[in-house]
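First the structure, in the form of C-alpha cells, and then the observations on it.
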Amino acid sequence: MAIQDKAYIDGRWVAGNLGCFDVDDPASGDIVARVANVDLDQVEAAIDAASNAFEPWRLQPAQARCDRLMAWQLLLLAQQSRLAELITLESGKPMSESLAEVVYGASYLKWFAEQGVRAYGHTLPALPGGRRPMTIKQPVGVVAIITPWNFPLAMIARKVAPALAAGCCVVIKPAAETPLTALALVALAEQAGFPAGCINVVPGIDAAAIGQRLCASPRIRKLSFTGSTAVGRILMAQSAAHIQKVSLELGGNAPFIVFDDADLDLAVDGLLAAKFRNSGQTCVAANRILVQQGVYQAFVSKLREKVLALKVGPGAIDGNNIGPLISQVAHRRVSRLVEQALSAGATCSAVGTDLPGRFYPPTLLESIRPSNPIWQQEIFGPVLAVTGFDTEEEAVRLANSTEAGLASYLYSDNVRRVMRVAESLQFGMVGVNEGIISTAVAPFGGIKSSGLGREGGQEGLDDYLETKYLCFGS
Ligand code: SIN
C-alpha cells in the first residue's frame, strides 16, 4: 500500500491548491510525508460532491450500503499491519496499540453495517377518526466530520460508518498531524466500491478556516467533531447559523476511584490500561486517581512498581509501552502541568525512563489537592495524579467536582456500593472494575462540557437519522 498524500474529492485524488504541509514522526521529528493542503474552494468542491452523491446514496437499499461497509472492513483487516505502521509512524503510539486500533476501527464498520439494515421506524396505534400514524427514519444529509490525531483511524471509522449506513455522505477533515491514516483508510473505501462523492477527505493545515467553512454551509446538515472542549464550543456556536445537528466528543477529566473493598491487583492493571494507553493521550484516560485510605499505601506501592517497569521508546520498536507525545507543544504543556502540580504541593514518587525529544517519562504524583491545576485539567500525558479519601460520599463529591463528564471508573467488590456510586457519578460512561470501556456495541459519549451525542451502539446510528412522522387519513 503506497502512502497516499493527496486530497480525495468527488472520487478523485487531487493536489492541494495551497501546496503541501509536512507530517512528521513524533518519535524522531523527521518529516515522513508532504500532504495536500486544500483551500476553501476545494472544501466547497467536496461539499458539492457529497451533496450530489447524497440522493442516489440514500436511495440505495440499506443492504447495498451495508455490503459496501462490510467489504471495507474486510479490506481494513487484510491491511492491518500496513495501516498500523502508518498509525505508529504519524501518531507515535506503540505498534501493539496501532494494531488494536485497526481492529477497533474495523469493528465500527462491521457494527454499523449490521445496524444500518435495522433503521426501523414504527407504526403507531390508530388515532380517533381512523387516522394512522407512522414514523420512518431518514438520513440527516451531508455530514462534516472533524477528527483528532490520537486515534487517526478509529475516530473516523466510528463517525463515517454510521453516517454511510444511515444514507448520509461525508466530508472528512482529518487532524493535520495524522492525515496519512485517514487517506489510506479512504483509499480502501474506494477499493470497496463506494460511489464517487460519498466520502471526501480535505486535509489542511488551517483547521479553523476549514471548520468554519463546513459550519457555514447550509448544505452540511450535521457536524461530528472529536477534540478539545474549547474547539467544540467554537464549532457549536458556528453551527448555530444553519441549526446543524452536532455530535461533540470533547475533553474528559476521568476520576478513577479505588475503594477499600476492591481487588487491588485488578485495580492497578485497570489503571495502567486506562491511564497509559497512547501515552495518556485519550479523552477517557484516568486523570484523577482517588484511593481510599485503608488501601492507599498498598495500592500505591503496587502501582509504583508497575509504573517503573513501563518501557519508554519509539512505538515502532517491539516491546515499548510508552511512545512519544504528539508534539513539542504537547510535551511543554505536560511538563508545565507537572511543574505547577509540584509547586502546588504534590510529591513525586516515581519517574520512569526520561528520553530526549517528545518522550515524557511515566510519572507518579501524590498528595494532590483538588485546587491543584493538574486535578482540574485533562493531563493528556503519562502522568498519574493520586490522592486519598476517607468516605464514599467524599469520593463521589470529589469525582463530580468537574465540568467534564465523559468517562469514570470505580473499583469495588461490593455490589451495592457499585450500583450506588455508578448511579451518582455525573459521567456518560462508568467502568466498573474495568479500565478499557470502549467498544463499537456500546454508546460512547459524555455529558456536561464533555459533549453531546453518542458514538457506537444503536444510539450511534440514531445520531445520523431523522425521525419523520407520517399521518395517513382514514
Ligand atoms: C478518545 O480518546 O477520544 C477516544 C478513546 C476511545 O475510543 O477509547
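I'd like to know how the chain sits against the 2.2 N^0.38 Å rule of thumb: what's its Cα Rg over that expected value?
1.00
What is the packing order of peptides 214-220, 103-109, 275-281, taking the mean over residues of other C-beta atoms within 10 Å and listing the highest first?
275-281, 103-109, 214-220
About the Cα centre of segment 254-432, how large is the charge dipole given +1 on each Lys and Arg Cβ and -1 on each Asp and Glu Cβ? Please answer in debye to the nearest 20.
Using Cβ point charges on Lys, Arg, Asp and Glu, segment 254-432 gives about 600 debye.
If each of ARG12 and ILE436 carries a label point 7 Å out from its Cα toward its Cβ, how far apart are those two points in nm?
Inter-label distance under the simple model: 4.3 nm.
I'm a student and want to see the number: the projected area of the Cα convex hull of segment 243-325, averaged over all directions, in nm².
Across all orientations, segment 243-325 yields a mean hull projection of 7.8 nm².
Would you be so kind as to identify all helices of the chain, as entire DSSP H runs, whose Cα atoms reach 27 Å or more along the helix's own axis and whose mean Kyte-Doolittle hydropathy is at least -1.0?
The answer, listed by residue number, is 40-59, 95-116.
Any chance you could run the full-extension gain for GLU466 through ASP413? It's 0.36 nm times the residue separation minus the Cα-Cα distance, nm to one decimal.
14.9 nm is the gain from fully extending GLU466 to ASP413.
Please report, to one decimal in angstroms, the Kirkwood hydrodynamic radius of segment 86-195 built from all distinct Cα-Cα pairs.
15.7
In the structure shown, do any of LYS173/LYS275; LYS173/LYS222; LYS6/LYS110; LYS93/LYS448 have a Cα-Cα gap over 23 Å, and if so which?
Over 23 Å Cα-Cα: LYS173/LYS275; LYS6/LYS110; LYS93/LYS448.
Which value in nm describes the separation of the simple spin-label points at ARG420 and GLU403, placed 7 Å from the Cα toward the beta carbon?
In this crude spin-label approximation the distance works out to 3.2 nm.
What's the ranking of 400-407, 195-202 by average number of surrounding C-beta atoms within 10 Å, highest first?
195-202, 400-407
Any idea what the dipole of the chain comes to, in debye rounded to 20, about its Cα centre with Lys/Arg Cβ at +1 and Asp/Glu Cβ at -1?
In debye, rounded to 20, the chain gives about 1200.
Put +1 on the Cβ of each Lys and Arg and -1 on the Cβ of each Asp and Glu in the chain; which of PRO373, GLN212, CYS20 then has its Cα farthest toward the positive end of the dipole?
Highest projection toward the positive end goes to GLN212.
Which order do the peptides 161-169, 180-188, 366-374, 453-461 take when ranked by the mean count of other beta-carbon atoms within 10 Å per residue, highest first?
161-169, 180-188, 453-461, 366-374
Suppose every K and R has +1 on its Cβ and every D and E has -1 on its Cβ; what is the size of the dipole of segment 254-343 about the Cα centre, in Debye to the nearest 20?
Its charge dipole is roughly 500 debye.
Report the convex hull volume per residue for segment 172-315, counting only C-alpha atoms, in Å³.
165
The numbers here are math on the coordinates, done by the rules we state, and not lab data. All values derive from a computational prediction rather than experimental measurement. Cβ sites come from the backbone with ideal geometry, for glycine too, and all protein chains shown count toward neighbours.
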